[in-house]
Amino acid sequence: MSGGTPSTFEFLGLTFNVGNMISILIACAVVLGLVYALSRHLTMKPGKGQNVLEYAVDFTNGIVNSSIPGATSKFLGLWGFTLFMFIIVANLEGLFLHIDVSGVAYVKSPTSDPVVTMTLSLMTMTLAQFLGIRKLGYKGHFENYLKPFVFFLPINLFEEFTNFLTLGLRLFGNILSGEMLLGIIVGMAHGGPVIWIGAFILELVWTGFSVFIGCIQAYVFVTLSSVYISRKIELED
Amino acid sequence: MFSYSIVGAQLYVGDMLFVMLSFLVLMWLIKIIAWKPITKMMQNRSDKIASDIDSAKESRTKAAELAATRQAELQKTREDANGIINTAKQNGQQQREKIVEDARNEASNLKSSAEKDIEQQRQEALANSRKDVASLSIEIATKIISKELNADDQKGLVDSYIEGLGKQK
């Protein structure tokens, strides 16, 4: 977080950020390990781990089902669950583990990088467009942009763009600000033992708050994604 | 500060691809590892609960039916028992009356036959005593007569007897 140039490399003409890749891989591994550990020995009468997993599944299914009615949400349940788990783990990852090597962050919250959050946002929007076209057909889908009047076309297009932008930037901003403040507090702690204790307490409080923010933002992201998708798969009046 | 932000000079398209790819792979793996079994299990459970509720309802209806049947049968049994007791009582009453009647008849029979016996014995005793009296009187008479009957008289008697014999012929 000290603002150094990230370590990058080029492959097939594409630029890759090593820190992001490591962080994403860690987040994926944590989610996978968590889900794998909780889903062993599934029984009709759930044990502790199974209960936790089923609660999470019920929770995300509830988010998705509350905004998307009907048969589409069956497939979207998995999507919502994966999205929620990935974002919540990614949000909290930087709070538990933050590795800077000579100013280059190698392990951090992947969601504190706008590229990652905007990509997630872009995926949601693409999915919304895709499901909209599948449900309503090309004609019905694109006619939705002309409603309620033809003059609403630019507004609707602009709204689509702002949805994409706000969805990604909201998550990015919340997580980045959390990490940035943590970095500043850590920097403060070098001042001396008294300041160190003060910074320690402050850091503790801010980490707790960031955990809260991270969970809320994961929930918000999945909820808003579901809402955007639901608005694409029904005909506007 | 963040030269790699979208507004900055560089856009890491590779990262975008990496995020998409890792997200899709993560989704696929979760589907294989957990989603299918857990969804199936939850579906099974909700099915089981639904069927349990149905069967509980069914068995409750059955139990109510059974209770009603039992109640009716109990009522019927009680009525039957009452009937049996009543019949038994009536039978007992009849039998008692019959026994008393029989006893009374027998007693009167016995009484009458006893009376008859007594009468007969009395008659017999009377007859015997009459006979005894007769023979006794004859004896007495004989004794008296044998003392006072002389030869003539005897002769007269014998004659009259013989005469009587002749007449009889």
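Might you check whether a residue that is assigned to a helix (DSSP H, G or I), within 23 Å of B:Lys36 (Cβ to Cβ) and in contact (Cβ under 8 Å) with a residue 24 or more places away in the chain occurs anywhere in the range A:33-54?
As a first pass, look at the range A:33-54 and keep what is assigned to a helix (DSSP H, G or I): A:33-38, A:48-54.
Adding the requirement that they be within 23 Å of B:Lys36 (Cβ to Cβ) leaves A:33-38, A:48-54.
Adding the requirement that they be in contact (Cβ under 8 Å) with a residue 24 or more places away in the chain leaves A:34-35.
Within the range A:33-54 (the criterion being assigned to a helix (DSSP H, G or I), within 23 Å of B:Lys36 (Cβ to Cβ) and in contact (Cβ under 8 Å) with a residue 24 or more places away in the chain), the answer is yes, since at least one residue qualifies.
The numbered conditions (1) at pLDDT 85 or above; (2) among the small types (Gly, Ala, Ser); (3) outside any helix (DSSP H, G or I) are all true for A:Ala29 except (3).
Considering (1) open to solvent by less than 90 Å² (accessible area, probe 1.4 Å); (2) within 55 Å of the chain's Cα centre (by Cα), the lone condition that B:Phe23 does not fulfil carries the number (2).
Taking the options B:Leu11, B:Leu17, name whichever one is surrounded by 12 or more Cβ atoms within 10 Å (Cβ to Cβ), modelled with pLDDT under 85 and not in a helix (DSSP H, G or I). Talk me through it step by step, then tell me what you get.
Numbers: B:Leu17 fails: not in a helix (DSSP H, G or I).
Result of the check over B:Leu11, B:Leu17: B:Leu11.
Checked across the range B:93-107, the condition of being loosely packed, with under 10 Cβ neighbours inside 10 Å and among the polar types (S, T, N, Q) holds for no residue. Yes or no: the range A:181-204 includes at least one residue that is under 21 Å from A:Pro114 (Cα atoms), touching a Gly at 6+ places or on another chain (Cβ under 7 Å) and not in a loop (DSSP other than H, G, I, E, B). The answer is no; no qualifying residue exists. For the range A:190-198, the criterion of a residue being at pLDDT below 85, surrounded by 16 or more Cβ atoms within 10 Å (Cβ to Cβ) and at negative phi is satisfied by no position.
Would you mention how many residues in the range A:200-237 are among the aromatic types (Phe, Trp, Tyr) and open to solvent by less than 50 Å² (accessible area, probe 1.4 Å)? Step through it out loud before you land on a result.
Of the range A:200-237, the ones among the aromatic types (Phe, Trp, Tyr) are A:200, A:206, A:209, A:212, A:219, A:221, A:228.
Adding the requirement that they be open to solvent by less than 50 Å² (accessible area, probe 1.4 Å) leaves A:221, A:228.
Here the count works out to 2.
Among the residues of the range A:26-47, the ones that are surrounded by 13 or more Cβ atoms within 10 Å (Cβ to Cβ) and at the interface with chain B (Cβ under 7 Å from one of its Cβ atoms) come to 7 in all.
Per-residue answers, yes or no, for (1) surrounded by fewer than 19 Cβ atoms within 10 Å (Cβ to Cβ); (2) touching a residue at least 24 places away in the same chain (Cβ under 8 Å):
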| site | (1), (2) |
| --- | --- |
| A:Val115 | no, yes |
| A:Lys135 | yes, yes |
| A:Lys147 | yes, yes |
| A:Phe151 | yes, no |
| A:Glu159 | yes, no |
| A:Thr162 | yes, no |
| A:Gly173 | yes, no |
| A:Leu176 | no, yes |
| A:Glu179 | no, yes |
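The values are calculated or read from the model by the stated rules, or taken from the named source; none is laboratory data. None of the values given here were measured: they were computed from a predicted structure. Reconstructed Cβ throughout: ideal geometry from the backbone, glycine too, with neighbour counts over all protein chains shown. We work out accessible area using only protein heavy atoms, side chains counted, and drop any ligands, DNA or RNA first. Shrake-Rupley method; radii C 1.70, N 1.55, O 1.52, S 1.80 Å.
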